[in-house]
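Visitor: There's a structure below that I have some questions on.
The values are calculated or read from the model by the stated rules, or taken from the named source; none is laboratory data. Here the structure is a predicted model, which means the values were calculated and not measured. Cβ sites come from the backbone with ideal geometry, for glycine too, and all protein chains shown count toward neighbours. Calculation scope for accessible area: heavy atoms of the full protein, side chains included, ligands and nucleic acids excluded. Shrake-Rupley method; radii C 1.70, N 1.55, O 1.52, S 1.80 Å.
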Amino acid sequence: MSQIKLLLDIISDVRSLGDSLQAYADALTTSDKIGDLNDYEEIYTPPEMQPEPVQAEPPITRADVRAKLAELTRLGFSDAVKELLQKHGAERFSAVADTELPALMKEAETIGT
């Protein structure tokens with residue numbers, strides 16, 4: 001069989017399929033037994049969209065802040081680290097109150113940027 005004959009057979013089959021689909025669609029839209037297509041209730045009801053829970057940031061630990069301040073000191077920002085500690089009411093890191101740790105960490109992250 002030549003390729004042209006094969007392509008002509010495929011085209012014929014596709015046309016036949018199109019005609020069959022058109023006849024089926026016409027039968028669905030004109031049939032009184034089936035009713036109006038808009039009368040059917042929706043079969044699939046998607047679940048209600050629920051917002052994804054916002055994950056809280058993990059609490060900042062004393063070790064995290066200490067590591068950040070040590071890194072800054074190694075990078076040459078020891079004067080800035082000392083000023084930061086004094087700003088939060090301490091001469092040494094061990095004297096910083098636990099309530100000051102989140103603010104101290106935020107300010108430490110801005111140093112050197």
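Visitor: Largest first, what is the accessible-area ranking of 93, 77 with a 1.4 Å probe? Kindly include the intermediate steps, with their values, before the conclusion.
Guide: Values: 93 25, 77 70 Å².
Largest accessible area first, the residues go 77, 93.
Visitor: Could you tell me the accessible area of residue 113 in Å² (1.4 Å probe, neighbours in place), rounded to the nearest ten?
Guide: 140
Visitor: As an exercise, use a Förster radius of 35 Å and the Cβ-Cβ distance of residue 22 and residue 49 to find the FRET efficiency, rounded to the nearest 0.05. Show your work: numbers first, answer last.
Guide: On the way: r = 38 Å, r/R0 = 1.09.
For residue 22 and residue 49, the calculated efficiency is 0.40.
Visitor: How do the peptides 48-60, 99-111, 4-16 rank, highest first, by the average count of neighbouring beta carbon atoms within 10 Å per residue?
Guide: Values: 48-60: 7.0, 99-111: 14.5, 4-16: 9.9.
In descending order of packing, they fall as 99-111, 4-16, 48-60.
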